[in-house]
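Have a look at the structure below before the remarks.
The values are calculated or read from the model by the stated rules, or taken from the named source; none is laboratory data. Computed from a predicted structure; not experimentally measured. Cβ atoms come from the backbone with ideal geometry, glycine included; neighbour counts cover every protein chain shown.
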Amino acid sequence: MKPTKKNIKIFIISGEVSGDVLGAKIMQEMPGVNFVGVGGQNMIAQGLKSLFPMSDLSVMGITEVLAHAKKLTTRIKQTIDAIISEKPDIVLTIDSPGFAKSVVTGVRRKNILKHTKFFHVVAPQVWAWRPGRAKKYAKTFDKLYSFFDFEIPYFTKYGLDTVAVGHPISDGLDKYKSDNSNRKIITLVPGSRMNEVKKLLPVFKKTVDMLANCGYRDYKFVIPTVETTKDYVKNHVKNWAVKPELIPGKDRYQLYANTYIAIVASGTVSAELAIMHIPTIVIYKMNQLTVLLAHILLRVKWASLVNILMNKTIFPELLGNNAKPEKIVNCLQQLTLPSVRKKMVQELKAADKKWNKSGKKPAAVIAKDILSLV
């Protein structure tokens, strides 16, 4: 890898685990660049000194964000002040759209940094809800890196330079694909945000108890943990009648490859499992107000990206009040039927071409493009 231009400073921001992973890959592709900003363990491993713990930004859901408004407001102001002080060439925000937009808008209002450019990675899902955000993003950012071609027109019609780079989770997962029909591992993923973990762990506990009592006692239950919630998960599961094995998040892909069925929180993990062709049940618990607003505002039928991309239900989804142990058990029993498993795997394979048509590493595409503009 050739060294990049000297004295380039990039203020990079990620607010959740998937963004932290992508941020670290982008940093790897830009040796010699001075990175400052906010990130998690992956970006820190690449040399970033995070302004504050990334977990402070790991909040999802309308009422959940309101409950953490004071802390988020403090972190927004702190980040704005740090950017103005650092005077970076580029501010690169990754996902966490609410925080990213608030920070960039705040910096622009100061009207101090005349030469700094503001780039964002991960297009907000305006095709799913609140399409008006596309126009606001065009006013806020100088460039947008989306994952899919179909997202581009939503933003370019407002003048925002938008490039589709492919979905980053498709990078390197091919080697983990396998036929899991003879495995006896049920993987549980309660999410990476504390608020979702607190809601889903009790559901998982009851589900595991029910499964153990109806013929699945010889199965191993495993939970991959992440830095933001691992201590909470460890304390919670020690009181379970059927104790799951906990493994570090860094080992999750090998776990997924050996998984018979996964039961996971809606989010990036469902896309990872889709790419790896692992039979999966997607669940999510939300505050009742969030559920109500989602029904009113959402313009798509599904939460899982593979279902959205293929425009049909491939992964069963149990969201809100439907995320009940008895319904999860019923779905899991269906997925033990050879015909059902075969059909799901075939549909997941048919979705392969949707994730990254170019075959290039998204992080490398983003890094190369940024460096060409500095």
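Among the residues of this structure, GLY166 counts as one that is at pLDDT below 95 and not in a strand (DSSP E or B). When region 124-142 is filtered for residues that are surrounded by 20 or more Cβ atoms within 10 Å (Cβ to Cβ) and not small (Gly, Ala, Ser), the ones remaining, listed by number, are PRO124, TYR137, THR140, PHE141. When region 118-134 is filtered for residues that are over 26 Å from VAL306 (Cα atoms) and either touching a Pro at 6+ places or on another chain (Cβ under 9 Å) or without any contact (Cβ under 8 Å) to a residue 40 or more places away in the chain (or both), only PHE118 remains.
Provide a single number: the residues in region 241-283 that are among the aromatic types (Phe, Trp, Tyr) and under 17 Å from the mean Cα position of the chain (by Cα). Total satisfying the criteria: 2. Checking each residue in region 189-210 for being among the polar types (S, T, N, Q) and surrounded by fewer than 24 Cβ atoms within 10 Å (Cβ to Cβ) picks out only ASN195.
To keep it simple, each residue is scored yes or no on (1) in a helix (DSSP H, G or I); (2) in the same structural domain as SER304 (by TED's automatic domain parsing); (3) charged (D, E, K, R).
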{"residue": "GLY98", "(1), (2), (3)": "yes, no, no"}
{"residue": "VAL103", "(1), (2), (3)": "yes, no, no"}
{"residue": "ILE112", "(1), (2), (3)": "no, no, no"}
{"residue": "VAL126", "(1), (2), (3)": "no, no, no"}
{"residue": "ARG130", "(1), (2), (3)": "no, no, yes"}
{"residue": "LYS139", "(1), (2), (3)": "yes, no, yes"}
{"residue": "TYR145", "(1), (2), (3)": "no, no, no"}
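Return yes or no: is ILE366 of a type in the set (Val, Ile, Thr), at pLDDT 95 or above and either under 28 Å from MET27 (Cβ atoms) or surrounded by fewer than 19 Cβ atoms within 10 Å (Cβ to Cβ) (or both)? Considered against the rule, which asks whether it is of a type in the set (Val, Ile, Thr), at pLDDT 95 or above and either under 28 Å from MET27 (Cβ atoms) or surrounded by fewer than 19 Cβ atoms within 10 Å (Cβ to Cβ) (or both), ILE366 comes out as yes. Once region 74-100 is narrowed to residues that are basic (Lys, Arg) and surrounded by fewer than 19 Cβ atoms within 10 Å (Cβ to Cβ), the residue that is nearest to PHE118 (Cα to Cα) is LYS87. Here's a check for you: in region 320-361, which residue that is in contact with a Leu (Cβ under 9 Å, 6 or more places away or on another chain) and part of a loop (DSSP other than H, G, I, E, B) is surrounded by the most Cβ atoms within 10 Å (Cβ to Cβ)? Out of the qualifying residues, it is ALA323.
Within region 247-303, if we keep just the residues that are hydroxyl-bearing (Ser, Thr, Tyr) and modelled with pLDDT of 90 or more, the residue that is surrounded by the fewest Cβ atoms within 10 Å (Cβ to Cβ) turns out to be TYR253. Taken together, the residues in region 147-179 that are crowded, with 20+ Cβ neighbours inside 10 Å, of a type in the set (A, V, I, L, M, F, W, C) and closer than 15 Å to PRO124 by Cα amount to 5. Filtered by the rule that a residue be without any contact (Cβ under 8 Å) to a residue 40 or more places away in the chain, charged (D, E, K, R) and over 27 Å from LYS114 (Cα atoms), region 135-151 gives a lone residue, GLU151.
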